[in-house]
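Reading through the structure tokens given below for one structure.
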Amino acid sequence: MRADRLVSLALLLQARGRMSAHALAGELEVSVRTIYRDISALNAAGIPVMAEPGPGGGCRLIEGYRFPLRGLSADEAEALLLLGVTGVFAELGLTDALAAAHRKVSTSAGEAPTAPLVHLDMPRWFHGTEPVPHLRTLAEAVRLGRRLLLGYRRDDGSKETTREVGPLGLVNKAGTWYLIAIRPAAPEHQARDNGDPAVFRVGRVTSARLLGAGVVRPDGFDLAAYWDRWSAAFVTSRPQVEVRVRATATALRIFPYVFGDAGTRAAEAAGPADADGLREVVLNFEEERVAAHRLAGFGGEVAVISPGAVRTELIATARELLARYAGTGTGTGTGTGTA
């Protein structure tokens, strides 16, 4: 946008002093003619820029003039300079805006724009990025404080539903986007935001349309605090089966790759090694069959202590595997005896 470019031009001249029109054009990726037009616009706005022709000339602010970049402390400016443009900003459609802000802060600080020193790569290893085609519409609704008509499908495969919501904010959890929005308490109250905040996974949004009505935010609503409370409640509300196992050192090293952060915590909390070098570990699963299927891949590296239902499931799984591959030798048959 031209207004953004004019600010960047003034800040460049303030930070670097005299610059040629060609240098400014290269920095701002415009033509020399555009630079001269922008200088005229700055002068008309009361920002005194001199354009001096000939050798030793160039463009500069008049002596003693300072173009203020207000609202940022030195620490805040440094924090912005450290960060690169991540995929999160790209998904929100803010790549250009953040890059422009980075340029403004760096030039205001009297330095040439430098490569970012910190890069945020938030998704965990071995987890794909889920498509979020409607994220920008949701972000616009949050920014403008407008209600949304959402098409949404639940994770249980149930039929898609359409609902009107009042968006309050967006959260990116390890690369996965969530919308926090007010859901009306009942259909007859669709015009009012009188329900409790709810969490919607953005990847399950099938359609999104901005509505004309605004959002009335709950008094004192704090997005980060709400997310912390909701996350804690979500974790504790999930059904859990506590499984005690004896694991080898090899299994403990593999736990983080198979079970993620929970596996890391479990391995760190493992008991002392016994005479066989095995350490007792507590793992949590949604149900016994899930536990058996996930532990089966460890083979003899893990021995289940309790509950007995998981041991029973593991035995059944082992028998199924033996039956499936019986008679196949070292080939890749399907249990029919064909190598």
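Numerical summary
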| quantity | calculated |
| --- | --- |
| Accessible-area order (highest first, 1.4 angstrom probe) of the listed residues 317, 161 | 161, 317 |
| Theoretical gain in end-to-end length, residue 20 to residue 257 [0.36 nm per residue, Cα-Cα removed] | 79.8 nm |
| Sites residue 309 and residue 129, calculated FRET efficiency, Cβ-Cβ separation with R0 45 Å, nearest 0.05 | 0.80 |
| Per-residue SASA entry for residue 209, accessible area with 1.4 Å probe, Å² rounded to 10 | 130 Å² |
| Accessible surface of residue 50 - all protein chains present, 1.4 Å probe, nearest 10 Å² | 80 Å² |
| Using a Förster distance of 35 Å, the FRET efficiency for residue 2-residue 136 (Cβ separation, nearest 0.05) | 0.95 |
| Note, ³J(HN,Hα) from phi for the stretch 213-221, Karplus 6.51, -1.76, 1.60, rounded to Hz, x at Gly and Pro | 6, x, 10, 9, 6, x, 4, x, 5 |
| Amide proton proximity set for residue 50, modelled H, under 5 Å, gap of 5+ | 60, 61, 62 |
| The stretch 203-339 - charge dipole about Cα centre, Lys and Arg +1 at Cβ, Asp and Glu -1, debye rounded to 20 | 400 debye |
| Full-stretch length increase - residue 50, residue 222 - with 0.36 nm per residue and alpha-carbon distance subtracted | 57.2 nm |
| Accessible carbon and sulfur surface of the stretch 221-269 relative to its total accessible area, %, 1.4 Å | 56 percent |
| Spin-label model distance (nm) - residue 43 vs residue 229, 7 Å beyond Cα toward Cβ | 5.9 nm |
| Difference of contour (0.36 nm per residue) and Cα-Cα distance, residue 273 to residue 236 | 10.3 nm |
| Listed residues 251, 302, 239: farthest to the positive end of the dipole of the stretch 202-318 (Cβ charges) | 239 |
| Residues in the stretch 249-274 that a label on residue 296 would reach, taking backbone N under 11 Å of a point 7 Å out along Cα→Cβ | none |
| Where the stretch 211-339 is the region considered: accessible area per residue in Å², 1.4 Å probe | 64 Å² |
| Sequence-distant residues sharing a close amide H with residue 206 (under 5 Å, placed H) | 151, 152, 153 |
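The values are calculated or read from the model by the stated rules, or taken from the named source; none is laboratory data. Just so it is clear, the model here is predicted, and its values are computed rather than measured. Backbone-built Cβ (ideal geometry, glycine too); neighbour counts: all protein chains shown. Please note that ligands, DNA and RNA were not included when accessible areas were found on the heavy atoms of the full protein model with its side chains. Shrake-Rupley method; radii C 1.70, N 1.55, O 1.52, S 1.80 Å.
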